[in-house]
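Peer 1: Here you go, one structure.
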Ligand SMILES: [Ca+2]
């Protein structure tokens, strides 16, 4: 009886012109923008909480101008620059260019107004063999956009673009884009300790 009632309910929903198939295949479709907005609010609140903790609990988490979030420190570039220049800036701060973006890192980057950003991976050393700058390990599961990488020897660096859901494209390394430096809070504290602060 229950199954019959359920079937009738489903049938009625279908014949009343409801987008049953779409709802079943993607129930979040119409609410996605709302969810994204809430997630951005949560992110903003978390950032405020982090700042308050640093201020009132005397916790030094990240260097000035860096953002602390989920055990990491992030430096968002003010200007666009080449991959090598971005890499040098991050490395001098004992950090590395952001690599695989977590959903929260995507939101952080979006909140900063970036539309494109360098990813810390290249195939400079061997064409077609992408490696992460931080570890030298081979990229085996890169978040490539359809048809990418496709630039051959002319394009050996990687850029993530907002319009393509932060998926990766290969680009010439001398082009200029924003970048994000990342390091763990633990390593940031270690550096502060080493420098006697
Ligand atoms: Ca290449």
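Peer 1: Name the residues in the range 34-78 that are more than 16 Å from residue 189 (Cβ to Cβ), without any contact (Cβ under 8 Å) to a residue 40 or more places away in the chain and not in a helix (DSSP H, G or I), would you?
Peer 2: Across the range 34-78, the qualifying residues are 65, 78.
Peer 1: If you scan the range 73-96, which residues turn out to be buried (at least 20 other Cβ atoms within 10 Å of the Cβ) and either more than 19 Å from the chain's Cα centre (by Cα) or not assigned by TED's automatic domain parsing to the domain that holds residue 184 (or both)?
Peer 2: Correct list: empty.
The values are calculated or read from the model by the stated rules, or taken from the named source; none is laboratory data. What you are looking at is a predicted structure, and each value in this text was computed from that prediction instead of being measured. So basically every Cβ, Gly included, is an ideal-geometry build from the backbone, and we count neighbours across all protein chains shown.
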